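Here is the structure we will look at, set down as structure tokens.
Read the figures in this text as sums done on the coordinates, not as results from a lab. If you're wondering where the values come from, they're calculated on a predicted model, not measured in any experiment. Note: ideal-geometry Cβ built from the backbone for every residue, glycine included; neighbour counts use all protein chains shown.
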Ligand code: HEC
């Protein structure tokens, strides 16, 4: 609904500004709009020559006008892509088609002729019989008229959306495991993933129709791009009948209102580790810059033989997410950085996402201290949910999160397969995967560094 209104407003802005193009296209070189205005009035009053537009309404937003102009010439507004507003309202011919009756899709003839659209923003009502009170109301008329464009918003919106930049977020060339696999096959493995840098998220929509429309759009985009598969990373299942990956879980737990209650909720052994960190005099601090975090993160992944994301990526996250993205770094009492985590805040949740440790962090229990500090600070901020993030079932990080008293919750990665028969299996126990890891380790460092930044690494 909002988008419809938005479209109507676009077209309206355009008509308000149509006067402006009229002036431009009719302007003899070097003549100012003011003198044209006079000329226009004179010719209108004297009844000779074509109707000329008045100067534009001041202070119209330029971007809306530009979009409105594009829509005015866009044939996708008609059901068979043949007719634009400009077909009947020719801006180079006084804003009309100069025909006895206008001709719409498939040569269908209307009952009346097209009035000019120049200066129509000044009309006190629209259409010959005044049945539309405003331009906003008028814009839907020709789109739905069987004799004109014979279309409707439901058909038009998906077509227009194809051009909206947000959709580009859908498209990423690959993620970690796919990249490794692609290397193995010696070809680019092209997949389409909703939220490739996120461990889950799924479709964001406020109605089921909107969600279905988004999924449909992603599917047609996937076919258009000729990808191997399309992947949705849902936190709850949406399509039980689609192939689903059951390898990943996330760990979510309520943050209790009292700091101490949260400490008590940590199982005894793990709590002892947190206390060890506290007794070591460790300090936690929020970093405004990514430097200390990135050094720890990059060292860490290098030690594990996995490729790192570029620093630029984290700087961009900090910049784009603002207060919703935060780095917490743990140092020794002397200020040596030991452990760091980059978290997101979403509504009343905290989501630690990327983390790194120094080699000696373990001796100080800095990692344990770090997550406790994040939990404590989140509690003080009044947050309600701690999302420990994604892990593969049966891995070290999986056990670590369980040790904190968190219960695994299955993630539902749902797939549409186009060029493969089964969903990608990235299970570390998979023999093929082991071979790939080996290949990765043997890869020359320069090549690994080149590919590294393309590879996504998530906590766990
Ligand atoms: C098939 C030809 C055709 C197309 C396409 C068309 N129009 Fe029209 N337009 C007309 C005709 C005919 C009328 C007069 C209809 C009536 O009064 O019943 C009209 C009336 C109008 C009016 C009212 C002007 C006035 O003085 O009352 C405006 C504004 C307008 N059109 C804008 C648009 C916009 C914006 C589009 C594209 C979304 C569009 N038109 C598409 C033929 C067309």
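A few comments on the model shown:
- Approximate spin-label separation residue 157-residue 295, in nm, with each point projected 7 Å along Cα-to-Cβ: 5.1
- Point-to-point label distance, residue 209-residue 315, nm (Cα→Cβ direction, 7 Å offset): 4.5
- Contact order, relative form, for the stretch 249-409: 37 percent (alpha carbon pairs under 8 Å, 6 or more residues apart, mean separation divided by residue count).
- Summarising the label geometry, the points placed 7 Å from Cα in the beta-carbon direction at residue 132 and residue 422 lie 5.7 nm from one another.
- Given R0 = 60 Å, the distance between the Cβ atoms of residue 90 and residue 256 translates into a calculated FRET efficiency of 0.30.
- Relative contact order computed over the stretch 62-161 (Cα-Cα under 8 Å; 6+ residues apart), in percent: 24
- The stretch 208-236-the stretch 132-156 distance, computed between alpha-carbon centres (Å): 29
- Shape class for the stretch 62-161: rounded, because the ratio a/c of the largest to smallest gyration tensor axis (alpha-carbon atoms, square roots of eigenvalues) is under 1.5.
- Cβ-Cβ FRET estimate between residue 359 and residue 236, R0 fixed at 41 Å, reported to 0.05: 0.60
- Tensor-based shape of the stretch 239-382 (alpha-carbon gyration tensor, a/c under 1.5 rounded, otherwise prolate or oblate): rounded
- Across the stretch 249-342, Cα pairs under 8 Å and at least six residues apart give a relative contact order of 31 percent.
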